[in-house]
Amino acid sequence: MTTTDQRPSAPTSPSGQLLRPPPPTWSQRLRNNRWLSFYTSPLLIALFLLAWKLYVEITDLSRFVLPPPEAVFSSFIEQITDPFVWQTHIWTTFYEVMMGLALAIVLGVGLGLLIGKSPLFDRIARPFIVGTQVVPKVALVPLFILWLGFGPSSKVVMAALLAFFPLLINTSFGIRSVPGSMHDLMTTLKASRWERFWRADLPYTMPFILAGMELAVVQATIGAIVGEYLGGDKGLGRYAVNLQNGLQVDKLFGAILIMALFGFTLYSIVTGARRLLIPWHESVQPRRTP
Amino acid sequence: MSAIKVEGVSKVFAGAGGQSMLALSDVSLDIADGEFVVLLGPSGCGKTTLLRIIGQLESPTVGRVRLDHGDRPERADRPLGFVFQEATLMPWRTTGANVALPLEMAGMGRRERTEKVREMLTLVGLPEAENKLPHQLSGGMRQRVSIARALAHDPQVLLMDEPFGALDAQTRDMMNVELQRIWLENRKTVVFVTHSVSEAVFLADRIVMLGTKPGHIHSITEVTLPRPRTIDMTESAEFRHLTAELRRQIGEVQDTEARPAVSA
Ligand SMILES: Nc1ncnc2c1ncn2[C@@H]1O[C@H](COP(=O)(O)OP(=O)(O)O)[C@@H](O)[C@H]1O
Ligand SMILES: [Mg+2]
């Protein structure tokens with residue numbers, strides 16, 4: 001970012017001197033540099049890899065416990081360029097996560113809006129909703145597999161179950177935080193229920209829903225992969241189990257790396273959606289330097 | 001002809017611990033078409049409650065409020081203009097879109113709307129702010145935008161609840177001058193709430209002083225200072241005389257517990 005003022009009439013002092021904002025300090029400049037993590041992240045990763053390599057070399061660990069980084073890297077390249085891995089595993093998990101998320105959005109946002117708007121409904125429904133959350137959800141996987149089989153459906157349900165709660169909580173909290181004055185404004189304008197919802201409640205709640213989405217996308221990924229670990233025929237979780245059984249430890253690391261990239265990509269899409277959907281919100285506005 | 005008739009209005013709120021609390025007791029008031037009425041009184045005396053009842057945001061426990069539309073019945077279903085203590089702009093809408101809100105809801109076409117929004121923003125002295133977001137504006141600017149919004153759909157009645165309460169003294173003076181100008185141009189019926197005596201005298205045709213415990217009408221004062229009034233006039237003998245008298249009355253109605261002094 002540059003600080004030069006390119007507007008036609010830059011402010012000037014009485015003596016005609018061009019006035020500029022004070023130059024940013026060294027730490028401000030660093031903090032405001034949008035590429036900062038593009039420098040620091042590779043650096044930290046390089047340090048980590050170096051430590052890993054040194055540890056393997058010094059302790060002379062077995063390849064079946066901890067392979068050296070270059071072995072993991074070459075397996076990773078091999079895996080990521082393998083169309084079978086894409087078609088069978090990555091695609092399956094992606095499908096499960098997306099379907100799970102879609103289900104969770106419909107249910108979580110829908111129920112969240114209802115609960116937030118109606119205290120009566122809240123009091124009736126909340127014990128059951130909390131009930132679904134205090135049960136250790138992993139324990140339900142065998143049940144889902146029993147009901148829905150080893151295919152993707154049981155994982156979709158698992159992903160939805162995990163992603164549902166943060167969406168519900170954030171949505172209901174958001175719609176409840178709509179200021180009373182906003183309601184008063186809509187009342188004075190004789191808004192119908194529908195107009196009130198579309199013009200005030202929903203836009204106000206949007207940042208909360210998107211905050212819920214950030215959690216939900218991570219939860220849905222966990223749900224799908226755990227489901228696959230415990231009883232799947234395809235998907236990244238199943239892939240990892242296969243590699244473990246075959247003692248292909250370097251590829252197992254590669255699979256974990258793929259999962260990490262997978263999660264990171266989905267998360268980035270959500271944060272990207274924030275900029276698109278709520279460009280007005282403080283969380284996406286450039287930070288004012290203090 | 002009276003535009004607003006408040007008839008024997010009392011308001012009871014359910015207070016803490018199941019007790020009920022009488023906020024307004026038997027308030028009756030006639031407000032003429034095009035009149036500028038200020039509700040003045042110490043804080044907690046029920047000014048906001050009365051204004052909200054007039055604006056139909058709250059219903060009276062006893063009594064009623066009638067809005068008379070005279071020979072213009074089409075005004076009956078047109079919303080009032082309400083300016084709240086806080087600007088209450090929608091942070092996701094630009095300034096122009098905020099002003100356009102009542103127009104959109106009235107079903108006005110896009111082109112007509114844009115024109116009206118420009119006109120309103122010019123009226124409040126912010127023609128260049130159309131595409132800014134509310135958080136890019138100062139407090140005074142935001143409140144002006146909310147006045148533009150309240151006036152956009154051309155309501156006959158404008159209700160204002162301490163709209164300049166959060167502004168510094170200079171900005172407030174300037175806003176009072178602006179508001180008077182806007183009112184002189186449009187001649188809306190205005191009910192304006194404040195606890196500032198000088199603001200009341202500067203703006204009002206008539207000052208309705210409310211007393212506490214329970215809220216009731218203590219006195220009504222006509223202000224006959226010529227218009228347009230200027231800040232210089234606040235130094236005149238007549239202005240000072242009026243404010244002194246009203247301050248004395250506020251001292252009377254203020255309940256005996258120590259409350260922070262009413263500001264000028
Ligand atoms: N919604 C409400 N519920 C209970 N009490 C209220 C409510 N609104 C106002 N009151 C009470 O009514 C009295 C008058 O309040 P208000 O009209 O806001 O006074 P003012 O605007 O003159 O400061 C206060 O004692 C206040 O606590
Ligand atoms: Mg008040």
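The calculated 222 nm mean residue ellipticity attributable to helices in chain B amounts to -10500 deg cm²/dmol, summing -39500 (n - 2.57) over DSSP H runs of n ≥ 4 and dividing by all residues. The longest part of chain A holding none of the exposed loop trypsin sites (Lys or Arg not before Pro), meaning those outside H, G, I, E and B in DSSP with at most 16 other Cβ atoms within 10 Å, is A:64-189.
Rounded to the nearest 20, the Cβ-based charge dipole of region B:91-153 about its Cα centre (Lys and Arg +1, Asp and Glu -1) stands at 100 debye.
Here the protein assembly as shown is assigned +1 on the Cβ of each Lys and Arg and -1 on the Cβ of each Asp and Glu. Its dipole about the Cα centre then comes out at about 600 debye. Computed per residue of chain A from DSSP H runs no shorter than four, each worth -39500 (n - 2.57), the mean residue ellipticity at 222 nm is -23000 deg cm²/dmol. Evaluated over the Cα positions of chain A, the convex hull gives a direction-averaged projected area, one quarter of its surface, of 23.9 nm². Region B:204-235 and region A:57-77 have Cα centres spaced 85 Å apart. Looking only at A:W52, A:W198, A:W26, which one moves most when chain A is put into a Gaussian network model with springs between Cα atoms under 10 Å? Checking each option, the largest mean-square fluctuation is seen for A:W26.
How much area per residue is accessible in the protein assembly as shown when the probe is 1.4 Å and only protein heavy atoms are counted (Å²)?
On the way: 29180 Å² over 554 residues.
Normalised by residue count, the accessible surface of the protein assembly as shown is 53 Å².
Partner shielding of B:87-93 amounts to 5, given as the average count of beta-carbon atoms from other chains within 10 Å of each residue beta-carbon.
Residues of region A:173-200 buried by at least 50 Å² of accessible area upon assembly of all protein chains, compared with the chain on its own (1.4 Å probe): A:M182, A:D184, A:L185, A:T188, A:L189, A:K190, A:R199. Determine ³J(HN,Hα), in whole Hz, for all residues of region B:83-96 in sequence, where each value follows from phi through the Karplus function 6.51 cos²θ - 1.76 cosθ + 1.60 and θ = phi - 60°; x replaces Gly and Pro. For region B:83-96, the Karplus curve yields 10, 8, 4, 9, 4, 6, 8, 7, x, 8, 9, 5, 3, x Hz. Between A:P142, A:P23, A:P42, the Gaussian network model of chain A with springs among Cα atoms under 10 angstrom shows the greatest mean-square fluctuation at A:P23.
Partner lysines whose Cα lies under 16 Å from the Cα of A:K155, excluding those fewer than 8 positions away in the same chain, are identified as A:K137, A:K234.
The residues B:S59, A:S177, sorted by heavy-atom accessible surface at 1.4 Å with ligands and nucleic acids left out, run B:S59, A:S177 from largest to smallest.
For region A:69-277, with the dipole built from +1 on Lys and Arg beta-carbon atoms and -1 on Asp and Glu ones, taken about the Cα centre, which of A:A104, A:M186, A:I115 lies farthest toward the positive end? Positive-end residue among those listed: A:M186. If you take the accessible area of A alone plus B alone and subtract the pair, what total do you get in square angstrom, rounded to 100, with a 1.4 Å probe? Interface between A and B: roughly 1900 Å².
Whenever you get a sec, compute what percent of the accessible area on chain A sits on carbon and sulfur atoms (1.4 Å probe). Here it works out to 70 percent. Between the alpha-carbon centers of region B:33-55 and region A:110-177, tell me the distance in whole angstrom. Cα centroid of region B:33-55 versus Cα centroid of region A:110-177: 47 Å apart. When you restrict to C-alpha pairs under 8 Å that are six or more residues apart and normalise by the size of chain B, the relative contact order lands at 25 percent. Residues in region B:129-144 carry Karplus couplings, in order, of 9, 3, 9, 8, 8, x, 6, 8, 9, 7, x, x, 5, 4, 5, 5 Hz; the curve used is 6.51 cos²θ - 1.76 cosθ + 1.60 with θ = phi - 60°, and Gly or Pro positions show x. A dipole drawn for chain B from +1 and -1 charges on Cβ atoms has a positive end, and of B:I31, B:Q254, B:P102 the residue lying farthest that way is B:P102. Each residue of region A:14-21 was assigned a 3J(HN,Hα) from its phi angle through the Karplus curve 6.51 cos²θ - 1.76 cosθ + 1.60 (θ = phi - 60°); the sequence is x, 7, x, 6, 6, 9, 10, x Hz, with glycine and proline shown as x.
The P(r) of the protein assembly as shown has a tail past 36 Å containing 55 percent of all C-alpha pairs.
Along the axis of the charge dipole computed for the protein assembly as shown (Cβ charges of +1 for Lys and Arg, -1 for Asp and Glu, origin at the Cα centre), the listed residues A:A211, A:F262, A:P11 are led at the positive end by A:F262. Listed here are the pairs A:K190/B:K11; B:K11/B:K188; B:K11/B:K47; A:K190/B:K132; which of them are more than 19 Å apart at the Cα? Violating the 19 Å limit, Cα to Cα: A:K190/B:K11; B:K11/B:K188; A:K190/B:K132. Between the amide H of B:G63 and those of B:S10, distances stay under 5 Å, these residues lying 5 or more places away or on another chain, with hydrogens modeled in the peptide plane. Relative contact order, whole percent, for region A:69-277 stands at 31, derived from Cα pairs under 8 Å and 6 or more residues apart. For region B:91-153, relative contact order (Cα pairs under 8 Å, six or more residues apart, normalised by length) works out to 52 percent.
The values are calculated or read from the model by the stated rules, or taken from the named source; none is laboratory data. Given the structure is predicted, the values throughout are model-derived calculations rather than measurements. Every residue, glycine among them, receives a Cβ derived from its backbone with ideal geometry; neighbour counts consider all protein chains shown. Surface accessibility is based on the protein's heavy atoms, side chains included, excluding ligands, DNA and RNA. Shrake-Rupley method; radii C 1.70, N 1.55, O 1.52, S 1.80 Å.
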